[in-house]
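Asker: Handing you this structure, nothing more for now.
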Amino acid sequence: MSELATQNELISWLRIRFEEKLADVIDSMTGERPAIKAVESTEPLERLETSVAWWTPLSLGPEAGLATVFPIETWRAIGQSALVAVGIEDGDDDSIRGTFLEIQSQALTSVLWDLGQRAKVEITMESGRALEPTDTFDFQRYQLGDGSPFELGVSSALIDQVIALAYEADRPRDAKAAAAAAGNGLSMSRSDSGDGMGSSGASTLDLLLDVELPVSVSFGRAQVPLKDVLKLTSGSIVELNRTVAEPVEIIVNNCVIARGEVVVVEGNYGIRIQEIISRAERLRTLN
């Protein structure tokens, strides 16, 4: 059974993860890790004009998403502390708000990355909007060390989608194949379930050959403190964790399948494949 098997477990995991990731991002930018704790509440925070109350839909579906509510005293405290850390003592409200929104976005992106790794699917944020009175979420109240409150809300559609994905990923491979065969009115014998493919398997594969998959190339990765990201300007250099001699990774549908070298073909970049990685290694790239 998946670690995300129940609604309560998943909601609890998301809340703890957001608390940790927000503290991580603030720490990386200011050099001081804030004290953040979950607190009990009976009434939701008031969503004033000055609050940052935002609904962030996710790629899992139109109703799947997260919501955050930060009153002005909270987002100003977070944004101001980040600006002071980089030497900006008198930032205006637009600068403070923009800095806070970047911190919030970094925290949410990190949470979604971890959630995607567990659900074995890429999860991205879509264009958001301001929260409306009709929006309903399961909210958790938090407080910073100085008592400033904020809330994280989780939609029920997000919970349902992730649990379904986790359940599907946990099903044994043979059970999936048997279910697919039963759905097509096919019977599987021991000889049919081997590595060889019969005519029915070939025709099933033909149906998948025109499916389009996203292909990307990874030249390398780097972890950079948010305070250094804000200092980036035209001409800045970000050092990656890959040397010039190392092959780049070819990623299909969020899974590394091959490695190769960069070439130029008629003025366009291309990749010459040098190695197809093993199935076991592919599975490790999803973890």
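Each value in this text was obtained by applying a stated rule to the coordinates, not by laboratory testing. Nothing here was measured: the structure is a model prediction, and the numbers come from that model. Cβ sites come from the backbone with ideal geometry, for glycine too, and all protein chains shown count toward neighbours.
Asker: Run the numbers for Thr136 and Thr109: contour at 0.36 nm per residue of separation, minus the present Cα-Cα distance, in nm.
Answerer: So the extension gain works out to 7.5 nm.
Asker: Sticking with this structure for a sec: How far apart, in nm, are two points set 7 Å out from the Cα along the Cα-to-Cβ line at Thr42 and at Ser59?
Answerer: Roughly 4.3 nm, to one decimal.
Asker: Sticking with this one: Taking the Cα atoms of region 1-51 alone, what are Rg (to one decimal) and Dmax (as a whole number) in Å?
Answerer: Gyration radius and largest Cα-Cα distance of region 1-51: 14.7, 44 Å.
Asker: Answer with one residue from Met125, Phe150, Thr68: the one whose Cα lies farthest towards the positive end of the charge dipole of region 40-159, charges on Cβ with Lys, Arg +1 and Asp, Glu -1.
Answerer: Met125
Asker: Still on this structure: Order by neighbour count: Ile273, Ile251, Ile159, fewest other Cβ atoms within 10 Å first, most last.
Answerer: With the sparsest Cβ surroundings first, the list reads Ile273, Ile251, Ile159.
Asker: Pulled fully out, how much extra length does the chain show between Val244 and Asp24, if you take 0.36 nm times their separation in residues and subtract their Cα-Cα distance?
Answerer: Extending this stretch completely gives an extra 76.1 nm.
Asker: Classify region 7-162 as rounded, prolate or oblate from the Cα gyration tensor: take a ≥ b ≥ c as the square roots of its eigenvalues, call it rounded if a/c is under 1.5, otherwise prolate when a/b beats b/c and oblate if not.
Answerer: Prolate.
Asker: Still on this structure: Can you tell me the dipole magnitude for region 7-162 around its Cα centre, using point charges on the Cβ only (Lys, Arg +1; Asp, Glu -1), in Debye to the nearest 20?
Answerer: 460 debye
Asker: Multiplying the sequence separation of Thr124 and Arg272 by 0.36 nm and subtracting their Cα-Cα distance, what value in nm do you get?
Answerer: The Thr124-Arg272 span can extend by a further 50.4 nm.
Asker: What's the FRET efficiency of Glu49 with Ser216 using the Cβ-Cβ distance as r and R₀ = 41 Å, to the nearest 0.05?
Answerer: Calculated value: 0.50.
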